[in-house]
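Following: one structure in structure tokens, then a few remarks.
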Amino acid sequence: ASLPKLPLLERIVAQISKIHIPVKPVLIGIGVVAVATSAYFIAASLKQAVFPPKYSLLVLPALSASVDSSTQFLADAVTEDLISAVASVGELRVIAAPTALSLRTYAGNFSQVARSLGANYFLQWNMLKNEDRVAFQVTLFDTLSAKPVWSAQTQNSMREFQSALREIGRTTVREMKVQTTPQEEELLARVSHTAPEAYEAYARGRWYLRQPDPSAVPSALSAFSSALEKDSLFVEAYIGGAWAHLMAVDRETDTLISHVQSAWRYLNRALSLGARSSESYRVRGLIAQYQLQYDRAVDELERGAVFAPSDAETQRRLAVAYAIKGRIDDALKVAAKAAADDPRNADSYTTLGSIQHLRDENLRLQEKNDDSVYREALQSFEQGMRYASDKSKYASAGYADLLEYTHQPERAAQILVDRVAQTQHYVDY
């Protein structure tokens, strides 16, 4: 078989790293380092890659009885916040927020879907907002039992509801009989009190960040700015703003330098106010990566992964950082864990498939593989296609490459013809 050209390695790395600055010499170096590294072939499935822990939890989306869009923003934000809070417990595996929120309209058997996601408990809850008060009805279920493990009702003012949210998290962990460290107890008890109007603006910002459309990022930035105008001490809004600036770079909405500088300013303000979360480490790691400080990026992202082992977004970013450093075996393990913890998120499979593809190209350069090995990467991309918000735009270049390598050129050509009609982009041509 003819050897692939090195620029393909560059394109794969660029695809997963999203570094939009002049890095051709760096990427060539990455290709050399990766080829020089002894290849480590991982053939295990996702279920084999991550041994199921004793305790695992699916937090279903908080359901709101109101049709008001602002209440829906709030319901999604409290779901994300609760998941983030309990994800800091090391002995507990928590299904990631994107997968959890994708179940908002699910009408089937919750025990069954929780088990299919590898969770042995699930939390079902409803939220009712009435003027300045919020009520929660919360029930924790064991997936093997029809009876609830724990159930409670709370009603608080908007200013107090964040405390109620943390108490729900602490009680859930306690009722599951999960052992926690003093540091984890402290994190679960930590509450950020903020004005109701500030939190509602923050909730809108979080909602915009979950939208795939690049035009949603400026709306997210505006919402976080609005939250900080209402409460200049709102730590989570500063971290959200920092992440939004980095997403602006990720989604190619603007230049790199100004957004990285703004992200750094937001992060520094959050740190000065005592911020400590997996997202804060993730922001630090991604800033370092954009500045080509790859060792520091790995260090910060590893800290974030230790801080919250179930934070799939941090795992995906760490996998990319490992791949850039040529640590392909580590990248594959972490990417597989992200896909296991966030299995209904296309980004999980895109990252895993891209790193598998990079591994396969490195092996091919050494003439140590055959075409059949590409099928594992192809399966990851096809799994990502299932959950892509826009299937016509999903990973066209990498997906088409893999279809060609697995002797499916007609499918590859059709994907690219469809893409060319939409994008007129040189890569698709």
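The values are calculated or read from the model by the stated rules, or taken from the named source; none is laboratory data. Not measured: the values here are computed from a predicted model. Glycine also receives a Cβ, built like all others from the backbone with ideal geometry; neighbour counts cover every protein chain displayed. The area values use the complete protein model at the heavy-atom level, side chains included, leaving out ligands, DNA and RNA. Shrake-Rupley method; radii C 1.70, N 1.55, O 1.52, S 1.80 Å.
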Open item on the list: Can you name every one of the helices (runs of 4 or more DSSP H) wholly within segment 326-429 that holds 1 or more residues which are open to solvent by 20 Å² or more (accessible area, probe 1.4 Å) and among the polar types (S, T, N, Q)?
Closed with: 346-365, 374-387, 409-423
Open item on the list: For a quick check of your reading: which helices (runs of 4 or more DSSP H) sit entirely within segment 169-269 and have at least 3 residues that are among the β-branched types (Val, Ile, Thr)?
Closed with: 235-250
Open item on the list: Looking at segment 116-128 only, could you name the residues that are assigned to a strand (DSSP E or B) and not hydroxyl-bearing (Ser, Thr, Tyr)?
Closed with: Phe122, Leu123, Gln124, Trp125, Asn126, Met127, Leu128
Task: Hits in segment 86-122 - residues which are in contact with a Ser or Thr (Cβ under 6 Å, 6 or more places away or on another chain) and within 23 Å of Arg190 (Cα to Cα) - done: Ala87, Val89, Arg93, Val94
Open item on the list: Among the residues that make up segment 219-239, is at least one of them in contact with a Leu (Cβ under 8 Å, 6 or more places away or on another chain), surrounded by fewer than 21 Cβ atoms within 10 Å (Cβ to Cβ) and either at pLDDT below 90 or within 30 Å of Asn120 (Cβ to Cβ) (or both)?
Closed with: no
Open item on the list: Going residue by residue through segment 182-205, is there one that turns out to be open to solvent by 70 Å² or more (accessible area, probe 1.4 Å) and among the aliphatic types (A, V, I, L, M)?
Closed with: no
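The rows are residues; the columns are (1) under 30 Å from Gln112 (Cβ atoms); (2) touching a Lys or Arg at 6+ places or on another chain (Cβ under 7 Å); (3) hydrophobic (A, V, I, L, M, F, W, C).
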| site | (1), (2), (3) |
| --- | --- |
| Ser163 | no, no, no |
| Glu186 | no, no, no |
| Val191 | no, yes, yes |
| Gln211 | yes, no, no |
| Ala220 | no, no, yes |
| Ala223 | no, yes, yes |
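Take the residues of segment 89-115 that are assigned to a loop (DSSP other than H, G, I, E, B) and either among the hydrophobic types (A, V, I, L, M, F, W, C) or open to solvent by less than 10 Å² (accessible area, probe 1.4 Å) (or both): which is nearest to Arg210 (Cα to Cα)?
Out of the qualifying residues, it is Ala96.
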Task: Which listed residue is out of contact with any strand residue (DSSP E or B) (no Cβ under 6 Å at 6 or more places or on another chain), basic (Lys, Arg) and touching a residue at least 60 places away in the same chain (Cβ under 8 Å), from Arg284, Arg276 - done: Arg276
Task: Residue under evaluation Val283, criteria (1) open to solvent by 10 Å² or more (accessible area, probe 1.4 Å); (2) within 17 Å of the chain's Cα centre (by Cα), criterion not met - done: (1)
